[in-house]
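Data block below; observations after.
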There are 2 protein chains.
Amino acid sequence: MSMIVNRRDLDFMLYETLGMDELLKSPRYSDYDRSAIDAVFDLAQSIAEDKFLSCASKGDAEEPAFVDGAAVLIPEIKHAVDAFREAGLSTTVYDTDIGGMQVPTMVDQALKGMFACANTAVFNYLFLSQGVANMLNACGSEALKIRYLPNLVAGHWLGTMCLSETQAGSSLADIRTKAEPLADGSFKLTGTKMWISCGDHQISDNIIHMVLAKIPGSPPGVKGISLFLVPKNRLTDEGEIGEDNNIVLAGLNHKMGQRATINCLLNFGEGGDSIGYLVGDENCGLANMFNMMNEARLSVGMAAVMCGLGGYLYSLDYARNRPQGRRLVDRDPTSPMVMISQHADVKRMLMTQKAFVEGAQMLVYYCARLIDQQKLAADQEQQQRIELLLDLLTPIAKSWPSEFCLEANKLAIQVLGGYGYTRDYPVERLYRDNRLNHIHEGTLGIQAIDLLGRKVRIKEGMALQILRQEMQTTLAEASAIPELASYAEQLEAALAEVGCTVKAVDMADNPELGLANATLFLHATGHVVIAWMWLMQALAALRGRSDGAAADADFYRGKLAAVAFFYGYELPKALADLRLVARLDSTCYDLTDEQFIGV
Amino acid sequence: MSMIVNRRDLDFMLYETLGMDELLKSPRYSDYDRSAIDAVFDLAQSIAEDKFLSCASKGDAEEPAFVDGAAVLIPEIKHAVDAFREAGLSTTVYDTDIGGMQVPTMVDQALKGMFACANTAVFNYLFLSQGVANMLNACGSEALKIRYLPNLVAGHWLGTMCLSETQAGSSLADIRTKAEPLADGSFKLTGTKMWISCGDHQISDNIIHMVLAKIPGSPPGVKGISLFLVPKNRLTDEGEIGEDNNIVLAGLNHKMGQRATINCLLNFGEGGDSIGYLVGDENCGLANMFNMMNEARLSVGMAAVMCGLGGYLYSLDYARNRPQGRRLVDRDPTSPMVMISQHADVKRMLMTQKAFVEGAQMLVYYCARLIDQQKLAADQEQQQRIELLLDLLTPIAKSWPSEFCLEANKLAIQVLGGYGYTRDYPVERLYRDNRLNHIHEGTLGIQAIDLLGRKVRIKEGMALQILRQEMQTTLAEASAIPELASYAEQLEAALAEVGCTVKAVDMADNPELGLANATLFLHATGHVVIAWMWLMQALAALRGRSDGAAADADFYRGKLAAVAFFYGYELPKALADLRLVARLDSTCYDLTDEQFIGV
């Protein structure tokens, strides 16, 4: 049993539920058929298991060191990243016109997931670079693209995002890094950037930083932020690695988890000039960065799912092979012990993990399919429609897994008991790794305000309306099937509750109070969306049960049980929270500092 | 602001809510008045801050090492334990007849809490020893007590509990450690014990192990388990430290948190005899051990609360002093930044922590008062009544904080954002430390079955009836006050739901299915009990608001807001879970191994 992927389930989600076959019929993906995709998955799985999973524990135990001004990683990490690149996997997501393999995004997310599950800390180096390449491709000048894009696409150079500063984490309006124009059109960057993941290392030939900074004289706040490409090493005229660009590693952060991901403080323009190049227009940096942020947020959500999946697979395997105790109804102490997967509470913990992880995993692939559909859209209207839906789902796809797949990781530890609490087993590391996902790429609180304060309001609630229409297809199909009709009814009611809540918040006199419980809204709406994801899986499982191989009966039975679990145990909780948000409860909002502690 | 205790709140809980003044009037506690207790608290707080808190981070970073067959700790830990002993704090809990200070248990829990909050990993050495001394005092022979008790009480020797073995964690029926009788009435112990906290170290002159083992020929299962006192070093006839007792440290476990607590594998009878002494009667070991286990479970719950409190105090202080961003209604990027405690979502996170931590803290002291009341009981009937209630509350007092104060720790990290995820701040350590509390001294699943399978059934539901009667006093008082009447109504309804759920489970044809969702019952019943704890605090806060100093107005306002929060945001969730347990949902229970994964 693989510890990083359930291939049977991957097929179920991609083909049986999301209709990948249909997608593959489009000319855009004509290079691929199912067997070609299987081959890519086989390759990815084998590299992820052999090179990434194998050093996950060591990378955690032997944290990056600060040696002579540089960050030094265990050598296995470079070997892993090299193997990934050499197998051509760096290029899967890009279009062929820039040197990519142009696989469907669904396939790309599925194969990247294996790496995120195997070793999320090393996966970070890869996904950040992909974001840099996509942003450069979308916003950069032709000249800049010619010089920087090919090596990013091929994976020879890795990249980073430099947004936060020590005094400005979530508050980008307050960044101070300065970009002064030079005569040749380039800029001189000075300032300190904090929390830079993958900010320094020797695992690629160069590092391409995407840096937010302010050009002197630009407007205050976010309207005066521009985006710059700043390489670790400058390039020669011929495009070869040239002299050092004076970006100094000022210190490493020592984290609870994801330790093999270097995270650091970088000083730009220390001891010499750090030369950078404007990407996109002046003062449009934040909007351009969001090209990358949205992608990064989906990737963070995916990584959170994969941390959860790692814990689920490991604890399931453990529970099936660990004898301990007897059934409650067996009072004979001389009878043989049973596997702990026989104990009801262990089953409950496994089912909770399954429902959270596989539900969220489905959302990851659903969002990936939206990206694919956007690329195939017949016209601009359809494209915009998909974009709105994706905008709406992004904060959920990032945050829901960060909350509930972390909960899954907590349960994985519990299944292993004392062993799970030791560093000899991977489940505690996965729990520590996953805890980051609510913090980076926009905190949970930021995502919540993004959803309730912005996304549900765009174009008079158009995004929510599109969500409702999309869900309607599933609801109509499920309503007609007796076994699923009550789920459809429950989901419909929950969705209506989301709508009522948004209306109530819209009518708040004090918009700040309206958003005071936005985080509850985010989690609860996430529950509604995940319930939808499970209903889609229920439909597919019923189809599979009637059409499929008898050998698959257990698989479909498990899927249907997870649906029953999510609707019975989880969805009802969302309703209570939505009502709370709707009544503009001000219990927390009204409190002052002094009242919390009383002294 | 102290990072380990809110003394104002401690006074509120102990005096204003739980009526400590009344307790102090009893002859048993005639040595103490409020000023004497304040002095003990001052002493405890200063040692806890100076000696325990100061090495918490170092003890985590520099884990115990295995050197030449022994476990070696950082020296600060011995200094801390020495300071605790030298201040006489080892003796607070014991009666004067065995050399103790005989403080009320409420006071003892409150002062121990400061140490648990400051450094839970070092606190473990102290609380385990206390359990050993109490068990020896309750069950040991006079001869054994004379030789071992004084040094345990004075804190010169520390102790451990040796229950688990590698093949038998939660399943004590399957332990294999053997105790063979010797001619002089002592026993020769052989076998391996796993997960032994504080099992080897040099911070006390001797270590007294309480070991479960089987005498050859004893019945199978738990009915054949006996309890033995096995010292690390044997004593000479004069009671001095004598020769080594051949208990070999076979390995250290490397944990996610609580790292300064040595946790190890011990081999008894390796390279020579390990001599032990029967404590209590043959084959009554488990019952005798439970004298200690119940106390240990309450201590674990208390420690879980204190980990939560540490995170709450730290994140509150941080939020009040960290500028970042602006109010949502302030669109001017040139206006000064506000402290993050002004942001609605940060307030929500602080309030959630407050409601969980202070609610659970109240339960800890309520249970402590029950122990005090038991000691002062007028007759056996009253004593038994209190014992039954304490039995019922013990699994809740252990598990609820382990779940919800861990959640509080998760939020404390979130308040600090990226900083909270680094090891430069204590909040991530507290989160890691707290994760153990669902595992040791009986896992969450074991506690759940204990509550729903045993405790609510004893004497035809007598314990639950007593709980109802005790709650009734609070309910009657609150119902008469308009500001609290709706809470009283809500609590009464929730309690009724608990009763209905127990009845439904009683009627299950399959008792195993009846208990399949026992964990949900435990959490939900915990919510009902904590709601009661908050209603008690609400009554006290209203009294305080009308009688108290004007300077305290903020304090009482905060308490009443926390009540509103718990009843508005949390208690409703419990009802949904209780109904689920009542309908004997078999979604998880019915599933087989194969169905989880499908392959």
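The values are calculated or read from the model by the stated rules, or taken from the named source; none is laboratory data. No experiment lies behind these values; they were computed from the predicted model shown. All Cβ positions, glycine included, derive from the backbone under ideal geometry; neighbour counts span all protein chains shown. Remember, those area values only see protein heavy atoms, side chains included, never the ligands or the DNA or RNA. Shrake-Rupley method; radii C 1.70, N 1.55, O 1.52, S 1.80 Å.
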Margin query: Kindly evaluate residue A:88 against the criterion of being at positive phi and in contact (Cβ under 8 Å) with a residue 24 or more places away in the chain.
Written below: no
When (1) within 14 Å of chain B (Cβ to nearest Cβ); (2) touching a helix residue (DSSP H, G or I) at 6+ places or on another chain (Cβ under 8 Å); (3) at pLDDT below 95; (4) open to solvent by 60 Å² or more (accessible area, probe 1.4 Å) are applied to residue A:508, the one that fails is (4)
Selection from the range A:296-355 of residues closer than 26 Å to residue A:439 by Cα and either acidic (Asp, Glu) or not in a helix (DSSP H, G or I) (or both) yields none
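May I ask you to verify whether residue B:406 is surrounded by 20 or more Cβ atoms within 10 Å (Cβ to Cβ) and farther than 30 Å from residue B:95 by Cα? First the steps, then the outcome.
On the way: surrounded by 20 or more Cβ atoms within 10 Å (Cβ to Cβ): yes; farther than 30 Å from residue B:95 by Cα: yes.
So residue B:406 fits the description; yes.
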Selection from the range A:225-243 of residues in contact with a strand residue (DSSP E or B) (Cβ under 6 Å, 6 or more places away or on another chain), surrounded by fewer than 20 Cβ atoms within 10 Å (Cβ to Cβ) and not hydroxyl-bearing (Ser, Thr, Tyr) yields A:233, A:234, A:235, A:241, A:242, A:243
Condition set crowded, with 23+ Cβ neighbours inside 10 Å and facing another protein chain (nearest Cβ under 9 Å), scope the range A:531-557, selection nearest to residue A:490 (Cα to Cα): answer is A:556
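Across the range A:59-104, what is the number of residues that are assigned to a helix (DSSP H, G or I), open to solvent by 40 Å² or more (accessible area, probe 1.4 Å) and not hydroxyl-bearing (Ser, Thr, Tyr)? Spell out how you get there, then give the answer.
Pass one, the range A:59-104, residues assigned to a helix (DSSP H, G or I): A:59-61, A:75-86, A:89-91, A:96-98.
Still in the running and open to solvent by 40 Å² or more (accessible area, probe 1.4 Å): A:61, A:75-76, A:78-79, A:85-86, A:96-98.
Narrowing further to those that are not hydroxyl-bearing (Ser, Thr, Tyr): A:61, A:75-76, A:78-79, A:85-86, A:97-98.
So the answer is 9.
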Within the range B:454-471, residues open to solvent by less than 30 Å² (accessible area, probe 1.4 Å) and modelled with pLDDT of 95 or more come out as B:455, B:456, B:463, B:464, B:466, B:467, B:471
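So which of B:175, B:146, B:203 is away from chain A (no Cβ under 14 Å) and open to solvent by less than 40 Å² (accessible area, probe 1.4 Å)? Spell out how you get there, then give the answer.
Details: B:175 fails: away from chain A (no Cβ under 14 Å); B:146 fails: open to solvent by less than 40 Å² (accessible area, probe 1.4 Å).
Selected residue: B:203, the only one of B:175, B:146, B:203 that is away from chain A (no Cβ under 14 Å) and open to solvent by less than 40 Å² (accessible area, probe 1.4 Å).
Quick check on my filter: what residues within the range A:4-33 are outside any helix (DSSP H, G or I) and within 12 Å of another protein chain (Cβ to nearest Cβ)? Lay out the reasoning, then the answer.
Looking only at the range A:4-33, we keep the residues that are outside any helix (DSSP H, G or I), and these are A:4-6, A:18-19, A:25-26, A:30-33.
Answer for the range A:4-33, where residues must be outside any helix (DSSP H, G or I) and within 12 Å of another protein chain (Cβ to nearest Cβ): A:5, A:6.
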Q.
Being of a type outside the set (Ser, Thr, Tyr), in contact with a Phe, Trp or Tyr (Cβ under 8 Å, 6 or more places away or on another chain) and either open to solvent by less than 70 Å² (accessible area, probe 1.4 Å) or over 21 Å from residue A:455 (Cα atoms) (or both) is the requirement here; does residue A:478 meet it?
A. yes
Picked from the range A:375-391 (must be in a helix (DSSP H, G or I) and more than 27 Å from residue A:403 (Cβ to Cβ)), the residue nearest to the chain's Cα centre (by Cα) is A:375
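Specify which of the listed residues (B:487, B:421) is open to solvent by less than 60 Å² (accessible area, probe 1.4 Å), farther than 19 Å from residue B:308 by Cα and either at pLDDT below 95 or in contact with a helix residue (DSSP H, G or I) (Cβ under 7 Å, 6 or more places away or on another chain) (or both). If you could, list the steps in order and put the result at the bottom.
Working: B:421 fails: farther than 19 Å from residue B:308 by Cα.
Answer to the check: B:487.
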Note on the range A:209-260: residues of a type in the set (S, T, N, Q), touching a Leu at 6+ places or on another chain (Cβ under 9 Å) and within 14 Å of chain B (Cβ to nearest Cβ) are A:253, A:258
For the range B:571-592 the number of residues that are open to solvent by 30 Å² or more (accessible area, probe 1.4 Å) and farther than 16 Å from residue B:511 by Cα is 6
The one condition residue A:516 fails out of (1) open to solvent by 10 Å² or more (accessible area, probe 1.4 Å); (2) within 9 Å of chain B (Cβ to nearest Cβ) is (1)
